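The structure under discussion appears below in the form of structure tokens.
The values are calculated or read from the model by the stated rules, or taken from the named source; none is laboratory data. What you see is a predicted model; the values in this text were computed from it and never measured. Please note: Cβ atoms are built from the backbone with ideal geometry, for glycine as well, and neighbour counts cover all protein chains shown. Just so you know, the surface numbers come from the protein's heavy atoms only, side chains and all, with ligands and any DNA or RNA stripped out. Shrake-Rupley method; radii C 1.70, N 1.55, O 1.52, S 1.80 Å.
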Amino acid sequence: MATIVNTTEEEPMLAVVRFTAELAWADAGADVAEPEVTRLCVEAQQHILAARWLDMASLMLASADLLLQSTRLPDKDKDLECILAIICNLVTKARSQDEALQIAELICAKLTHQPQDKPALRLKVIGFVTMLCFHCMRPTQGSLFSLYNLLGSPYAKAFVYKKALDLAAAGKAADCIIPTFKNIDSFISDWGIGKVEQRDLFLAAARILKDQKGMNKEYFNFLNKYLATFDGSADDADAIGDAKEEAVAAIIEFVKSSDLYQCDLLNMPAVAQLEKDEKYQLVYELLKIFLTQRLDSYLEFQSANSALLKGYGLVHEDCITKMRLMSLLDLSSRCAGEIPYHAIIDALKINDDEVEYWIVKAISCKILDCKVDQLNQVIIVSRHTERIFGMPQWQSLRSKLGVWRGNIASAINTIQANKVTDDGSQGIQGLMIR
């Protein structure tokens, strides 16, 4: 937590009020300025003596716009950071968590009012440079205070973080907030916020990531997190319809990606609703093809819906490539450990001499582990990625783990039995020697 170090004889809050008042009335002349500065300082003193910290925050923040727009500050960014940090420190003086939250709301409202003006500085004051350093277990660099870290209430922390997301999005300062996304699950656990609040958070993060280059996988992951918050319960009945566009976006991202070969979208209520939606029914069908069918089904779909695919920015050749790999995974899931070459040729629609190329490609994508038996024209599969990992896959895994545990137990029993036998033999030999 940041600590105010008073380097003057005057109370830091009163010094800020005096400084901003003098700045505000600088052009009015001494006769007008001095009474106004005195009036504001007296009002501030009254708030301090009466411990009216919410009123004090309102008084100090009234000049925040002037500070942000002023050209009179000699070192504007540092002066602003220091002044706003002193204002943020008011939350530590609040007599209750509710009052602290009200002060935080006032500060956030002021800092997010004109997000395009110095968004990085505004985010810094809100505290996410500090928060990022804190969670990475490194000392804070730059920011004197962190509104986030000054707050004691988990709910207030969540509120401030959401405001920071909104500010980063509106101010086009995504680089300042994206590094914190890797800790978002930890944040949510600490805050203890509900499903609706989590949903809003995931959606805000997804929208920030949407237009960031090289972050397609992160964008998909946050869309996935958002959609997973809809469990199909009655509580979601009114809100689930609003998730259709994000459901479509997640499907398109999955189909486009050359790194994703498994997802749980098909079983999510927010995605399943598209199956009966007149506008998005075909998009759901496309997802179903990629997760449950083979290349021939995709080719049939493409021939009837080529305009739809182009409209979503899908490249037919790229879809064929991915669908061939998906078809190879489907073969792997249905075989008894061996896949004949002719089955691969038929499913992937390729020539005889291309089989090993696609096997190598699947291995390089880390979705298949196998050995190639060229003599018998088969591949021997030791591991493959399941396109959908649902209840049947969990049951299969449970069964395999059961067999594994049984094998380990048998091996241990055998070792122990052999040890007993060896110990007995050595004892008999000792008796014979005597």
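With the condition kept exactly as written, say whether any residue in region 50-61 is part of a helix (DSSP H, G or I), at pLDDT below 85, of a type in the set (D, E, K, R) and open to solvent by 30 Å² or more (accessible area, probe 1.4 Å).
No, region 50-61 contains no residue that is part of a helix (DSSP H, G or I), at pLDDT below 85, of a type in the set (D, E, K, R) and open to solvent by 30 Å² or more (accessible area, probe 1.4 Å).
Just the residues that are surrounded by 13 or more Cβ atoms within 10 Å (Cβ to Cβ) and outside any helix (DSSP H, G or I), please, taken from region 227-248.
229, 230, 232, 239
Filter region 259-271 down to the residues that are of a type outside the set (Val, Ile, Thr) and either within 20 Å of the chain's Cα centre (by Cα) or open to solvent by less than 40 Å² (accessible area, probe 1.4 Å) (or both) and list them by number. Steps first, answer last, please.
To start, the set of residues in region 259-271 that are of a type outside the set (Val, Ile, Thr) comprises 259-270.
Within region 259-271, 259, 260, 261, 262, 263, 264, 265, 266, 268, 270 qualify.
Looking only at region 249-276, count how many residues are closer than 22 Å to residue 315 by Cβ and assigned to a loop (DSSP other than H, G, I, E, B).
Selection size over region 249-276: 7.
Taking region 175-192 only, how many residues are farther than 17 Å from residue 149 by Cβ and crowded, with 21+ Cβ neighbours inside 10 Å?
Number of matching residues: 0.
Looking at 239, 206, 249, 170, which is the one that is closer than 29 Å to residue 152 by Cα and modelled with pLDDT of 90 or more?
Going through 239, 206, 249, 170 in turn, the sole match is 206.
It is to be established whether one or more residues within region 213-222 are over 16 Å from the mean Cα position of the chain (by Cα) and of a type in the set (A, V, I, L, M).
Looking for residues that are over 16 Å from the mean Cα position of the chain (by Cα) and of a type in the set (A, V, I, L, M), one finds none in region 213-222, hence no.
As an exercise: evaluate residue 193 against (1) assigned to a helix (DSSP H, G or I); (2) farther than 17 Å from residue 112 by Cα and give the number of the one condition it does not meet.
The number of the failed condition is (1).
For residue 404, indicate whether it is closer than 23 Å to residue 326 by Cβ, open to solvent by 90 Å² or more (accessible area, probe 1.4 Å), out of contact with any Lys or Arg (no Cβ under 9 Å at 6 or more places or on another chain) and modelled with pLDDT under 90. It would help to see each step written out before you state the result.
On the way: closer than 23 Å to residue 326 by Cβ: no; open to solvent by 90 Å² or more (accessible area, probe 1.4 Å): yes; out of contact with any Lys or Arg (no Cβ under 9 Å at 6 or more places or on another chain): yes; modelled with pLDDT under 90: yes.
Answer is no for this residue.
Please work out which one of (1) outside any helix (DSSP H, G or I); (2) modelled with pLDDT under 95 is the condition residue 424 fails and give its number.
(1)
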